[in-house]
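Every number here is computed from the coordinates shown, using simple stated rules; none is lab data. Treat the numbers as computed from the prediction; the structure is a model and nothing was measured. Cβ placement follows ideal geometry from the backbone for every residue including glycine, while neighbour counts extend to all protein chains displayed.
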Amino acid sequence: MNETRFKERPAVKKSFLSGKKGLLVDDNLQMIDILSKYFATEDCYTEKALDGKLALEKMNNTPFDFILCDINMPGMDGVTFYQQLKGIKSPFLDRVVFITGDTMNHEIQEFLKSIPLLEKPFGLDDVKEAVRQLLAIRE
């Protein structure tokens, strides 16, 4: 076998997401499925939660690098989830990016003033950029 052939190949550039852990919180299974497949292609591990309550339980066991969370969900919604994190002074507060298509609601507008947001519809490049910005702030 010719070793030089392997040495001449350009190194594959790793994604900044490689080795990171993300939590996807959304009641839309199709959305979670698309996002988890996308992150897997970036060598990023993700866990799924269908509402804020399940997300809080998962956060007890796993340190996540980022959390993508829908605002409107049955059970515990995104706003309540965030308020719970605030109430326990969670180190994950600065790791949350919210997802919503409901930016007309006045209460949601007020809530989102100082929190990273992805507005639906969005593309996978938008997701990647939002997470990149979030991780860059924390480094």
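Observations, loosely collected:
- 15 Å beta-carbon shell around residue 33, net charge (K/R +1, D/E -1): -2
- Given +1 at the Cβ of Lys and Arg, -1 at the Cβ of Asp and Glu and no other charges, the dipole of segment 19-138 around its Cα centre is 480 debye to the nearest 20.
- Cα-based helix-to-principal-axis angle, 78-87 vs the chain, degrees rounded to 10: 90 degrees
- Remark: for residue pairs 14/128; 20/89; 13/128; 21/120; 48/113, the C-alpha separation exceeds 18 Å in 20/89; 21/120; 48/113.
- Segment 19-138: C-alpha gyration tensor shape, a/c 1.5 cut-off, then a/b vs b/c: rounded
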